[in-house]
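Report on one structure; see the data block that follows.
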Amino acid sequence: MKQIYLDYASTTPVEEGVVKKMTDFMSFDGNFGNPASRSHSFGWKADEAVEEARNNLATLIGCDPREIIWTSGATESDNLAIKGAARFYKNKGNHLVTSKIEHKAVLDPFRQLEEEGFEVTYLEPNSSGEISVEQVAEAVTEKTILVSLMHMNNELGTITDIDSIGELTRSKGIIFHVDAAQSIGKISINMSSNKIDLLSISAHKFYGPKGVGALFVRRQPRVRLEPLFHGGGHERGFRSGTLATHQIVGLGEAARIAHQQMDDDLRKLENLRRIFWEEVKDIEEIYVNGDSKNKFPGILNISFNFVEGESLIMALKSIAVSSGSACTSASLEPSYVLRALGRKDELAHSSIRFSFGRYTTEQDVKETALLVKSSVERLREISPLWEMYQDGVDLDKIEWA
Amino acid sequence: MAYSQKVVDKFEETLNNPEKASVGRWKPGDEDFHRVGTGIVGAPACGDVMKLQIKCQNIDGENRIVDARFKTYGCGSAIASSGQLIDMLKGKTLEEAQAISNQEIVDILELPSIKIHCSVLAEEAIHRAIDDFKSLRNND
């Protein structure tokens, strides 16, 4: 059966040109040297390729190449930024600010820091999934040393006003970290004009390979971190470990392509979103999660009331999507992001995230929309909740066993 | 979720031909409704609600389940577990139906351990439906 991939927020395929370039950096006939080898041409050539990749990424985000540290991915970047900054500046204060809708790669480091004696404020989003600069202003105190917020939410596609928040944190001398794993290469960001101090980047979300990412660390004003890995002192001491040349080259090439294609990609995604929404919007009892004005068109998260998300995914078996339903998670808990929006648990169970990307066609989204319509209808036919709703029963007033 | 082929088949069977899979309901006013016991278990907030109805008939002095219908809101394995339960019920006496254990459903559908609660829900549903049917008798 032909599968339609609509889970680009989870990961993206690697561009063919990127794959080709990566394979040039592995075998004996290729450029396999260690970029840290200073004594021969193998090392010099590898180093040259790594620096070219650094320049490409720097161009994409508008920073000085020396502000980029290579890592194994956004999880490591988040850990390095959050734990590294909190531990380095712990004598300045012990208060940290983040939000309830961050990725686990941000929330878990904060939990760890709580164990170490830090106090953390977790901001609650409004019902559209937005965190405002006013909330941040209210939360910070004299003791705040770090604020960490995501640029684009992975489940909802909502976009945080990082420029305004950066102005605030800079004026108060607080370090500002942004997890930009979902946004880099998809929407523009300009590090030379914003006041973000640390920025996490992941290659596999923008058509680069898995297992590689980067952390932007601002030089002016200078941000310091306690490293997680100690060793050969690579990456200016921030991250020891031999550089994965082929991975880094892959990230760099993906960044170069993203820089060229971003506007076209965005226009295309807006069109796909519009077509898809036109087809599904008339389904009764559906709710868009993260219904914000400031939103990425490539992610659409919808709750189909009275239908459980995992069963809908099973019914849509030729379509690859993900759900906030507990049944698709190992923990059996529904999405904490949807709960943080104040969504009832049943709507969290009923949610599906559709995420479109560079290879999605109009035909793909039309086919998907039709299949969604018929599957929701069929699942509602076997749903006792739909039956009660149709009978006019108020489900909130029932005492469930 | 790596389900067994049996869960997938049962789920699709139910979805593709709900009538044949005994999806449906008897409602007040239907002929024979007084011979129908209903059990509703689970909660929307937990992601699973199962509604099971059994129609019973006294045959040779014993109440037997002659027909059953269900509707389920829940994950694929909850829907498959309800369908499996229905297959196991028809023709059984209430006593035999009462003795059905969730483990039988787990074994037949090869449910992964994280989905065992779906089979427990099915077991609870038949217990509720039997209780409901018996309470109707008492009112006679």
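When the helix-only estimate is applied to chain B (DSSP H runs of n ≥ 4, each -39,500 (n - 2.57), divided by the residue count), what is the mean residue ellipticity at 222 nm, nearest 500 deg cm²/dmol? Could the numbers behind the result be given before it?
Working: 5 runs with 63 residues, N = 140.
After summing the helix terms and dividing by residue count, I get -14000 deg cm²/dmol.
Please state the relative contact order of region A:1-138 as a whole percent: Cα pairs under 8 Å, 6+ residues apart? Write out the running numbers ahead of the final one.
Working: 102 pairs, mean separation 17.4, N = 138.
Contact order relative to length: 13 percent.
Whole-Hz ³J(HN,Hα) for each residue in region A:5-12, computed from phi via Karplus 6.51 cos²θ - 1.76 cosθ + 1.60 with θ = phi - 60°, x for glycine and proline: what do you get?
8, 10, 10, 5, 6, 7, 6, 10
So how tilted is helix B:5-16 from the main axis of chain B? Cα-based, degrees 0 to 90, rounded to 10.
It works out to around 60 degrees.
Give me the distance in nm between label points sitting 7 Å out from Cα along the Cα-to-Cβ direction at A:Gln3 and A:Gln261, one decimal.
Inter-label distance under the simple model: 2.0 nm.
If the viscosity is 0.890 mPa s and the temperature 25 °C, what translational diffusion coefficient in µm²/s does Stokes-Einstein give for region A:275-327 when Rh comes from Kirkwood over Cα pairs? Write out the running numbers ahead of the final one.
Values: Rh = 12.4 Å.
Once the numbers are plugged in, D ends up at 199 µm²/s.
Measure up B:Lys71/B:Lys92; A:Lys186/A:Lys210; A:Lys83/A:Lys143; A:Lys317/B:Lys10; B:Lys27/B:Lys71; A:Lys104/A:Lys143 against 22 Å on the Cα-Cα distance and list the ones that go over.
A:Lys104/A:Lys143
Over chain A, what is the relative contact order in percent, taking alpha-carbon pairs closer than 8 angstrom and at least six residues apart?
After rounding, I find 21 percent.
Taking θ as phi - 60°, what are the ³J(HN,Hα) couplings along region B:81-90 by the Karplus curve (6.51, -1.76, 1.60), each to the nearest whole Hz, with x for Gly and Pro?
5, 5, x, 5, 4, 4, 4, 7, 7, 4
Taking each pair of different alpha-carbon atoms in region A:257-361 once, compute 1/r for the pair, average those values, and report the inverse of that mean as the Kirkwood hydrodynamic radius in Å to one decimal.
Values: mean 1/r = 0.0684 Å⁻¹.
Taking the inverse mean of 1/r over all distinct Cα pairs, region A:257-361 comes out at 14.6 Å.
With viscosity set to 1.002 mPa s and temperature to 20 °C, compute the Stokes-Einstein D of chain A, Rh being the Kirkwood radius across alpha carbon pairs; µm²/s, no decimals.
96
Using alpha carbons only, how many degrees (0 to 90, rounded to 10) separate the axis of helix A:162-171 from the longest principal axis of chain A?
Taking the Cα atoms of chain A, the angle to A:162-171 is about 50 degrees.
Most fluctuating residue of B:Cys118, B:Cys56, B:Cys75 in a GNM of chain B with Cα springs under 10 Å: which is it?
Residue with maximal mean-square fluctuation among B:Cys118, B:Cys56, B:Cys75: B:Cys75.
Checking buried surface per residue: for region A:356-390, which residues lose a minimum of 40 Å² accessible area in the protein assembly relative to the chain alone (1.4 Å probe)?
Buried-area filter returns A:Arg378, A:Glu381, A:Ile382, A:Pro384, A:Leu385, A:Glu387.
Which of these, A:Leu215, A:Leu123, A:Leu370, has the largest mean-square fluctuation under a Gaussian network model of chain A (Cα springs below 10 Å)?
Residue with maximal mean-square fluctuation among A:Leu215, A:Leu123, A:Leu370: A:Leu370.
Quick one: which residues, 5 or more positions from A:Val120 or on another chain, have an amide H under 5 Å from its amide H? H modelled 1.01 Å from N in the peptide plane, none for Pro or chain starts.
Excluding prolines and chain starts, which carry no amide H, the hits are A:Leu96.
What net charge is computed for the residues neighbouring A:Ala53, neighbours being all others with C-beta under 9 Å from the C-beta of A:Ala53, Lys and Arg scored +1, Asp and Glu -1?
That sum, taken over residues with Cβ under 9 Å, equals -1.
If Lys and Arg each add +1 and Asp and Glu each add -1, what is the summed charge of the other residues whose beta carbon sits under 15 Å from the beta carbon of A:Lys397?
-4
Give the distance, in whole Å, between the Cα centre of region A:110-158 and the Cα centre of region A:1-72.
Taking the Cα centre of region A:1-72 as reference, the centre of region A:110-158 is 32 Å away.
Between chains B and A, what is the buried accessible area in Å², counting both sides, with a 1.4 Å probe and ligands, DNA and RNA left out, to the nearest 100?
For chain B against chain A, roughly 2600 Å² becomes buried.
Could you give me the percent of Cα pairs per 10 Å distance bin for chain B, shortest bin first, beginning at zero and ending with the bin that holds the maximum distance?
Computed distribution, short to long bins: 13, 45, 32, 9, 1.
Restricting attention to region B:35-140, which GluC sites (Glu not before Pro) occupy a DSSP loop and are surrounded by at most 15 other Cβ atoms within 10 Å?
The qualifying sites are B:Glu110.
Which links in A:Lys45/A:Lys90; A:Lys2/A:Lys281; A:Lys100/A:Lys295 stretch past 30 Å when you go from one Cα to the other?
In this structure, A:Lys45/A:Lys90 lie more than 30 Å apart at Cα.
Compute the helix-to-body angle for B:116-139: its Cα long axis versus the longest principal axis of chain B, expressed 0 to 90° and rounded to tens.
10
Can you tell me the relative contact order of chain B? Whole percent, Cα pairs under 8 Å, sequence separation 6 or more.
Relative contact order here is 29 percent.
Taking chain A as a Gaussian network, Cα atoms linked when under 10 Å apart, which of A:Met388, A:Met152, A:Met314 shows the biggest mean-square fluctuation?
Sorting by GNM fluctuation, first place goes to A:Met388.
Find the accessible area per residue for region B:17-100; the probe is 1.4 Å, ligands and nucleic acids are left out, and the unit is Å².
39
Which chymotrypsin sites (Phe, Trp or Tyr not before Pro) in region A:73-170 pass both tests, a DSSP loop state and at most 11 other beta-carbon atoms within 10 Å?
none
If you roll a 1.4 Å probe over chain A with all protein chains in place, what percent of the accessible area is carbon or sulfur?
Of all accessible area on chain A, carbon and sulfur atoms account for 48 percent.
Under a Cβ-Cβ cut-off of 10 Å, what is the net charge of the residues other than A:Glu387 that fall near it, where Lys and Arg count +1 and Asp and Glu count -1?
That sum, taken over residues with Cβ under 10 Å, equals +3.
Over region A:190-289, with the other protein chains present, what is the accessible area per residue in square angstrom, probe 1.4 angstrom? Could the numbers behind the result be given before it?
Working: 4350 Å² over 100 residues.
With all protein chains present, region A:190-289 gives 43 Å² per residue.
I'd like the trypsin sites (Lys or Arg not before Pro) in region A:7-94 restricted to DSSP loop residues with at most 12 other Cβ atoms within 10 Å, sorted by number. Intermediate results must be reported in sequence, preceding the final value.
Details: sites: A:Lys20, A:Lys21, A:Arg38, A:Lys45, A:Arg54, A:Arg66, A:Lys83, A:Arg87, A:Lys90, A:Lys92; in loops: A:Arg38, A:Lys90, A:Lys92.
When the trypsin sites (Lys or Arg not before Pro) of region A:7-94 are filtered for loop state and at most 12 Cβ neighbours within 10 Å, A:Arg38 remain.
Are there residues in region B:54-82 whose accessible area shrinks by at least 10 Å² when all protein chains are included rather than the chain by itself, and which are they (probe 1.4 Å, ligands and nucleic acids not counted)?
With the partner chains in place, region B:54-82 has these residues losing at least 10 Å²: B:Lys71, B:Thr72, B:Tyr73, B:Gly74, B:Cys75, B:Gly76, B:Ile79.
Percent of accessible area on chain B owned by carbon and sulfur, 1.4 Å probe?
Carbon plus sulfur share of accessible area: 45 percent.
Amide H of A:Ala401: which non-local residues (sequence gap of 5 or more, or other chain) have their own amide H closer than 5 Å, using H built in the peptide plane?
B:Gly42
Work out from phi, with θ = phi - 60° and the Karplus expression 6.51 cos²θ - 1.76 cosθ + 1.60, the ³J(HN,Hα) of each residue of region A:246-253, listed in order in whole Hz, and give x for Gly and Pro.
4, 5, 5, 4, x, 4, x, 5
The values are calculated or read from the model by the stated rules, or taken from the named source; none is laboratory data. Owing to the predicted nature of the structure, the values given are computational and were not obtained by experimental measurement. No Cβ is skipped: glycine too gets one built from the backbone with ideal geometry, and neighbour counts run over all protein chains shown. We work out accessible area using only protein heavy atoms, side chains counted, and drop any ligands, DNA or RNA first. Shrake-Rupley method; radii C 1.70, N 1.55, O 1.52, S 1.80 Å.
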